[in-house]
Amino acid sequence: MIDSHCHLDSSKFGGRDDELVREANQVGVHTIVNIGADLPSSRTSVELADRFPSVYAAVGIHPHDATTCSDSAISELEQLAATRKVVAVGEIGLDYYRDLSPRPVQKRAFQMQLELAVALHKPVVVHTREAFAETVEIIGHYAARLPGAVFHCFPGDIQDAQRVFDLGFVISVGGVITYKNSRMAKVAAEVPLDKIMLETDAPYLTPEPYRGEINKPAYVRLVCEKLAQLRGSSIAEVEKITDRTSQKLYRLVDLFGE
């Protein structure tokens, strides 16, 4: 099973990455993708991937930190992305919910990093909150040149998901699908299973029955179990198909056996 999106470097974990990775591996989570949100976490993401065989990295600057996305920052991201186990640029995008960076700055940072991903031939991990239409509009200009993208913690409805699929991209779902009256759960139950990846976004968005506690990669199994329930499928089938989608997007199959 794959946790396609988490933040092992979060201060909420108190440096317990060894324990978290070991626990995840013990319950069958064989691959964890640690996602960068700024330059420091991107550096740490690469370090974690170097330390743990089951961990891979993404590097990028979150819209909250868009003001730090300078030419020199892009240059450092490019250097980090040259590392063998960096599988994506992200997480990048737009966040108009918190608006921690000015919107024009967010857009520029998003575009700069999309251009970087095109140049590096890397997929992107997209964050969008209260900005779906503009996010799709911007990334649409790059879609034909990107090797792929995932809209993580998918915030939209089924029609929004179809817009993502029409661009050739996929979505990921996490612990939110275990919450009562979750729109994400309705989307996950209806869209093609091969367009879905599983994630935790740990330490955030902990699934039931542990909601309110700190999330961790091992809990991606709870997401898988809930998705199987929603779709009337077996856990094994959901695991197989969602893993394949993650492996394809992140080109993890190219790394097997190296």
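Any chance you could check the Cα centroid distance between the range 188-258 and the range 1-42 for me, in angstrom? Cα centres, the range 188-258 to the range 1-42: 14 Å. Placing +1 on each Lys and Arg Cβ and -1 on each Asp and Glu Cβ, with no other charges, gives the range 1-79 a dipole about its Cα centre of roughly 220 debye. Taken one residue at a time, the phi angles of the range 161-178 give Karplus couplings (6.51, -1.76, 1.60, θ = phi - 60°) of 4, 5, 4, 5, 5, 5, 7, x, 10, 10, 10, 10, 10, x, x, 4, 5, 8 Hz. Gly and Pro are set to x. By the gyration tensor of its Cα atoms, with a ≥ b ≥ c the square roots of the eigenvalues, what is the shape of the range 103-168: rounded for a/c under 1.5, prolate for a/b over b/c, or oblate? It comes out oblate by the Cα gyration axes. Relative contact order for the range 1-153: 18 percent, from Cα pairs under 8 Å spaced at least 6 residues apart, divided by residue count. 3J(HN,Hα) along the range 29-36, derived from phi through the Karplus expression 6.51 cos²θ - 1.76 cosθ + 1.60 where θ = phi - 60°, amounts to 8, 8, 9, 10, 9, 8, 9, x Hz, with x in place of Gly and Pro. Taking each DSSP H run with n ≥ 4 as -39500 (n - 2.57) and averaging over every residue of the chain yields -12500 deg cm²/dmol at 222 nm. Under 5 Å between amide hydrogens, built in the peptide plane, is the criterion, and for ALA88 it picks out VAL59 among residues at least 5 positions away or on other chains.
Taken about its Cα centre, the chain carries a charge dipole of roughly 360 debye when the Cβ of each Lys and Arg holds +1 and the Cβ of each Asp and Glu holds -1. Take the range 115-251 with all the other protein chains still there, run a 1.4 Å probe, and you get 43 Å² of accessible area per residue. For TYR56, the residues whose modelled amide H falls within less than 5 Å of its own, excluding neighbours fewer than 5 places apart on the same chain, are ILE32, VAL33, ASN34.
GLU208: net charge of surrounding residues, Cβ under 14 Å, Lys/Arg +1, Asp/Glu -1, itself excluded? Net of charged neighbours comes to +2. Per residue, the average separation of C-alpha pairs within less than 8 Å and at least 6 apart gives the range 149-228 a relative contact order of 29 percent.
Under the criterion of Cα pairs below 8 Å and six or more residues apart, the relative contact order for the chain equals 18 percent.
For the range 47-108, with all protein chains in place and a probe radius of 1.4 Å, 48% of the accessible heavy-atom surface sits on carbon or sulfur. Cross-link pairs exceeding 22 Å between alpha carbons, from the set LYS180/LYS226; LYS12/LYS122; LYS195/LYS240; LYS195/LYS226; LYS122/LYS195: LYS12/LYS122.
The values are calculated or read from the model by the stated rules, or taken from the named source; none is laboratory data. Everything numeric in this text was worked out from a predicted model, so none of it was measured. Cβ atoms come from the backbone with ideal geometry, glycine included; neighbour counts cover every protein chain shown. All accessible areas refer to the heavy atoms of the entire protein, side chains included, with ligands and DNA or RNA removed. Shrake-Rupley method; radii C 1.70, N 1.55, O 1.52, S 1.80 Å.
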